[in-house]
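Everything on this sheet refers to the single structure shown next.
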Amino acid sequence: MYFQGFTPAQVAHTNTLLANTCMPVVGDLTWPSVCRMAPSFTGNEPYSFLGAAPYMTAFTGTVPTNAVQSFKMTVPNQVWVNSTDISIFDLWADQTAGTIAGIASQFGLSTVWNPEYLLYYSLLNGRNAGSQNIKSPFDGNTYTTTADGLPIFSDSHPTFGSSSTFSNIIRGSGPGTQATMNSNGIIATAQSYWADLQAVTAAAQTAMNTNGAPLFPTLNPAKNLVVIAPSQIGFAMNLALRTEGFVDLTTNIGPEYHKNLIINGLASSCPQINQGPNGTMINPGARVTAPVYPGTTTPQLEYYVMVTGWTTGAAYMQLFNPLSQNQTFPGNYNPVEQIDRLVKDAGLSPAVATSMALSLVQTNFQFLSTQSDAQVMKTKQVTVAGTQLASLFFPWAPLIYRVIPSGGTV
């Protein structure tokens, strides 16, 4: 990661501290497991992709020619920032000699968490009309993060090859609240989630490609399905999907009938990462949650399933990579070498290391000396600010599902 305003020694020290700080948490990040990476080289990144090739039919003297449907979408890079002022007196009073590197590495760590928050924010907000729209900070135009221009989760996704529509919202049979789950018992709840997973599998296997043929006719849940669930239903989900043997001596539990189960508290409550009006900071306690379950004041228990391992990813994390290193990075700094070093020395995944290396932490710590500028001299404060350019987009609706509880709010 590049720290602007640091000496080379400070950059090396801070990057070492940052890598060590990241080690305990990167293994638990969700987005590298379910999102593919899409490098971006412009402010608004254009994409084009093709539908399915025509399936074969019996030859009757001529060969029919069917055009392959094409899709185009443009995803703008969102600019993510944070900033704080630090009193010079706090720096002077610090006796650990690690304040500068410590605060900078904390800002670097926030760039590691930002894609994670972006993923869960998008999932929790993906049911709402307009949630798919992003206004580009580069040209002021509004673009969508889905290929069909609809919210991520919708009952009205177009079905190609017919006039019908496709829904990636599964009306499940699980309990809607914690109280109902406790009343039903963990065994009955686990059995309901097993039935839900079968419903997701059936929906994915009947989803059609652009020629009206099944998109995933041989989908193997054990190889393709990743379940992302909130911590409130973690015990029941583990019983349903990871336990081997029998329940009540009657119900067989099939272990690992899925590729991966991710239990994460962010799946039920994620920080509000959008700014308020006119760029004001939202209360740090503001959260995005699932909709309230009917008749209660409690967010309902819902979860998500992604189909992975296919040519097109269920979701893509777009990270901005400057066209020319020298336009953004100084002198001999090489972000590719930085990624390689982080992966090798700290054991970070390439995705996480890339997100770090393509982020920037800026400081004016160099003005702590007699070369201080007027602002630092007058306010007795220096500033730390982080910047990351990233977006998340979902190109194909049949690859991601939202499972709501029985009688839940859509």
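The values are calculated or read from the model by the stated rules, or taken from the named source; none is laboratory data. Keep in mind that this is a model prediction, so the values were computed, not measured. A quick note on method: Cβ atoms are made from the backbone with ideal geometry, for glycine too, and the neighbour counts reach across all protein chains shown. With ligands, DNA and RNA removed, areas are computed over all heavy atoms of the protein, side chains included. Shrake-Rupley method; radii C 1.70, N 1.55, O 1.52, S 1.80 Å.
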Legend entry - Given charges at Cβ of Lys, Arg, Asp, Glu: the stretch 18-131 dipole, positive-most of I88, L124, M56: M56
Inset, instruction - Can you bin the stretch 44-97 into rounded, prolate or oblate? Criterion: square roots of the alpha carbon gyration tensor eigenvalues sorted a ≥ b ≥ c, rounded for a/c under 1.5, prolate for a/b above b/c, oblate for the rest. - result: prolate
Legend entry - With every protein chain in place, the chain: carbon and sulfur % of accessible area (1.4 Å): 55 percent
Inset, instruction - Compute the label zone of S156 within the stretch 108-129: residues whose backbone N is under 20 Å from the point 7 Å along Cα-to-Cβ. - result: 125-129
Legend entry - Gain in span if fully extended, F138 to A213, counting 0.36 nm per residue against the direct Cα distance: 23.0 nm
Inset, instruction - For the stretch 162-214, state what percent of all Cα-Cα pairs lands in each successive 5 Å bin, counting from 0 Å until the bin that includes the largest distance. - result: 4, 18, 22, 16, 13, 10, 8, 6, 4, 0
Legend entry - Distance between modelled label sites at K344 and F49, nm, 7 Å Cα→Cβ extension: 3.4 nm
Legend entry - Length-normalised contact order for the chain - Cα pairs under 8 Å, 6+ apart - percent: 28 percent
Legend entry - Proximal lysines to K135, defined as alpha-carbon separation beneath 26 angstrom and excluding residues fewer than eight positions away on the same chain: K72
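Would you mind finding the longest exposed-site-free stretch of the chain, with exposed GluC sites (Glu not before Pro) meaning DSSP loop and at most 15 other Cβ atoms within 10 Å? It would help to have the intermediate numbers written out before the result.
Values: sites that count: E244, E256.
The reported range is 1-243.
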Legend entry - Check: the chain dipole with +1 on Lys, Arg Cβ and -1 on Asp, Glu Cβ, in debye: 400 debye
Legend entry - Modelled FRET efficiency - R0 56 Å, S369 with R287, Cβ distances, 0.05 increments: 0.85
Inset, instruction - At 7 Å along the Cα-to-beta-carbon direction for both A58 and T42, put a label point, then send me their distance in nm to one decimal. - result: 4.8 nm
Legend entry - Spatially proximal lysines relative to K223 (Cα-Cα < 24 Å; intrachain offsets below 8 disregarded): K259
Inset, instruction - Work from the charge dipole of the chain (Cβ charges, +1 for Lys and Arg, -1 for Asp and Glu, about the Cα centre) and give the residue of V11, L301, L29 farthest towards its positive end. - result: L301
Inset, instruction - Could you grab the Rg to Rh ratio for the stretch 110-195? Cα atoms only, Kirkwood for Rh. - result: 1.11
Legend entry - Matching label, Cα extents along the principal axes in Å computed from the structure shown, candidates [x] 106, 54, 30; [y] 67, 64, 41; [z] 82, 63, 43: [z]
